[in-house]
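The structure appears below as structure tokens.
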Amino acid sequence: MSLTQKSGKRGRFAKVSQITALNSNISLEVNKMKGSVEQTLQTYQGWDEFYAKEVDKKLDFFKLNGRLFDVIFAQQFDRPFMDYLCKLADMIRLLAKTKMGQKKLRHLLPHKRAMLYFVQPSTRTFLSFQNACYILGLSVSESRGTSTSSEVKGESPEDTIRTFASYVDLIISRHPEAGFAEKTAWVLNQTDRPVPILNGGSGPDQHPTQALLDIYTLERSFQHIGGLDGKKIAMVGDLKRGRTVRSLSYLMKNYNDVTLYFVSPDIFRMKDDIKNFLKKRNIPYYETEDFESVMPLVDAIYMTRIQKEYSDDPSSEADTYPGFHFKKEHLSIIQPHCTIMHPLPRRYEIEVEVDKDPRAAYWQQERNGMWIRAALIAYIFRVEREIFEEFS
Ligand code: NCD
């Protein structure tokens, strides 16, 4: 209420003291709401059965007319799709080098709107998606927390997402809960306004678009030595709760003769679901705690951070595990072509001194995320032909 506003029954104008009291009552109410209103948990008939199914059995549900519609799991991407998307990303980055090219790109999707629903912290995924949208001309709305939306009033996240679908053409979500993106896509696909959902990270479970940019980075790093086929890759750190290494491991199904080295402290070993997936597809993997023994063998080293935010007992865990850090002195042990990657943010896993080495790829990797996400959005809205035509 402003100072000049009428205050109803109480006379002509409210006094400052009255207004202050009123404002603090309002914030008391809001706080009470925050503390006391529990999230509404409605039952969705059929969801539990759907969620329990094997991922391979439900991939069709997230397709439309034979193409990807929602992007929920890394398992959705096959080799032709990966090759196609990497090529498309290359075209977009080339076009974006000139003012004319940028203008072309911006005119592809100015009639589309996207919602970024990021209720878990994010820097790169949020910004790269947002800028991918700008590159293609989409308008963007955002929500970066539940405290300013009707979720404070107890609205369920499913209803919140359904509300976004009333206003926009694409929803990109990041959420602390595993299965969240899948559930919202499942709910929306049964409404009369399904809009594509892109999973920007669902708890410790999956991060499929990070896996896209990781593959794009690996393919670019190995472009003069035969691409990703036949390569040896070490994944290092918290493999148990790191969604990036989980999604990237799934994508190895698309490449020939890849070998994985899982390097982690015993408590953070890669989970059985991923290991079983690899066994089923005859993808060899080795597990070790001896990082230095693996360094000279591999073509790429993918470092990750300890994901303490998912810990059941944070005080029992160290902040950092020095035996799983990549230090300047390690640069002389690795192969001359070995690519060093990290999804970032980093803590102590890679010394800053390493950044200057030409094999350090993580800052390019972060920028690659913008190009591959732009390619994905172009694919979702079927404007790839206009992009390829620029080069024909
Ligand atoms: C990762 C994530 O959020 O899972 N970051 C990212 O998206 N680039 C990795 C991490 O937080 O450790």
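Output the residues belonging to segment 247-289 that are assigned to a loop (DSSP other than H, G, I, E, B), closer than 28 Å to Lys308 by Cα and not small (Gly, Ala, Ser). Spell out the reasoning first.
In the first step, residues of segment 247-289 are kept if they are assigned to a loop (DSSP other than H, G, I, E, B); the result is 255-258, 264-265, 269-271, 281-284, 289.
Now narrow it down to the ones that are closer than 28 Å to Lys308 by Cα: 264-265, 269-271, 289.
Passing the criteria: Pro265, Arg269, Met270, Lys271, Glu289.
Within segment 70-187, considering only helices (runs of 4 or more DSSP H) that don't extend past its boundaries, which have at least 3 residues that are within 16 Å of the ligand (Cβ to nearest atom)? Before the answer, list the steps.
Working: elements: 79-95, 99-106, 124-136, 157-167.
Of the helices (runs of 4 or more DSSP H) lying wholly inside segment 70-187, those with at least 3 residues that are within 16 Å of the ligand (Cβ to nearest atom) span 124-136.
Which members of segment 338-351 meet the condition of being in a loop (DSSP other than H, G, I, E, B) and surrounded by 14 or more Cβ atoms within 10 Å (Cβ to Cβ)?
Cys338, His342, Pro343, Leu344, Arg346, Tyr348, Glu349, Glu351
Any chance segment 357-365 includes a residue that's closer than 28 Å to Met82 by Cβ, in contact (Cβ under 8 Å) with a residue 12 or more places away in the chain, small (Gly, Ala, Ser) and in a loop (DSSP other than H, G, I, E, B)? Yes; the residues of segment 357-365 include at least one that is closer than 28 Å to Met82 by Cβ, in contact (Cβ under 8 Å) with a residue 12 or more places away in the chain, small (Gly, Ala, Ser) and in a loop (DSSP other than H, G, I, E, B).
One residue stands out in segment 284-313 among those that are among the aliphatic types (A, V, I, L, M) and within 16 Å of the ligand (Cβ to nearest atom): the one that is farthest from Met341 (Cα to Cα), namely Ile306.
For Pro110, which of the numbered conditions (1) touching a Gly at 6+ places or on another chain (Cβ under 6 Å); (2) farther than 30 Å from Lys308 by Cα; (3) crowded, with 19+ Cβ neighbours inside 10 Å fails to hold? Only one criterion is unmet by Pro110, namely (3).
When Gly230 is tested against (1) surrounded by fewer than 24 Cβ atoms within 10 Å (Cβ to Cβ); (2) within 16 Å of the ligand (Cβ to nearest atom); (3) of a type outside the set (Ser, Thr, Tyr), only condition (2) is not met.
Just to be sure I understand, how many residues within segment 349-392 are in contact with a Gly (Cβ under 8 Å, 6 or more places away or on another chain) and not assigned by TED's automatic domain parsing to the domain that holds Ser221?
The qualifying residues number 1.
The single residue among Pro343, Pro314, Pro336 that is over 29 Å from Phe129 (Cα atoms) and in contact with a helix residue (DSSP H, G or I) (Cβ under 7 Å, 6 or more places away or on another chain) turns out to be Pro314. Looking across segment 190-244 at every residue that is of a type in the set (Asp, Glu) and more than 25 Å from Phe324 (Cβ to Cβ), the one that is nearest to the chain's Cα centre (by Cα) is identified as Glu219. For segment 336-392, the tally of residues that are over 25 Å from the mean Cα position of the chain (by Cα) and of a type in the set (Phe, Trp, Tyr) stands at 2.
Given the structure, is Gln365 closer than 26 Å to Thr125 by Cβ and touching a Pro at 6+ places or on another chain (Cβ under 8 Å)? Spelling it out, Gln365 is indeed closer than 26 Å to Thr125 by Cβ and touching a Pro at 6+ places or on another chain (Cβ under 8 Å). When segment 348-388 is examined, which residues are found to be of a type in the set (A, V, I, L, M), within 19 Å of Asn131 (Cβ to Cβ) and within 16 Å of the ligand (Cβ to nearest atom)? Matches in segment 348-388: Met370, Ile372, Leu376.
Go over the candidates Arg269, Arg243, Arg281 one by one and state the one that is within 16 Å of the ligand (Cβ to nearest atom), farther than 17 Å from Cys86 by Cα and modelled with pLDDT of 95 or more. The match here is Arg243.
Of the set (1) in a helix (DSSP H, G or I); (2) farther than 19 Å from Arg93 by Cα; (3) among the basic types (Lys, Arg), all apply to Lys240 but (1).
Tell me whether segment 350-368 contains one or more residues that are under 14 Å from Val236 (Cα atoms) and modelled with pLDDT of 95 or more. Yes: one or more hits. Of the residues that make up segment 93-112, is at least one in contact (Cβ under 8 Å) with a residue 12 or more places away in the chain, over 30 Å from Ser150 (Cα atoms) and under 19 Å from the mean Cα position of the chain (by Cα)? So far as segment 93-112 goes, no, none of its residues is in contact (Cβ under 8 Å) with a residue 12 or more places away in the chain, over 30 Å from Ser150 (Cα atoms) and under 19 Å from the mean Cα position of the chain (by Cα).
The values are calculated or read from the model by the stated rules, or taken from the named source; none is laboratory data. These numbers come from a predicted model, not from an experiment. A quick note on method: Cβ atoms are made from the backbone with ideal geometry, for glycine too, and the neighbour counts reach across all protein chains shown.
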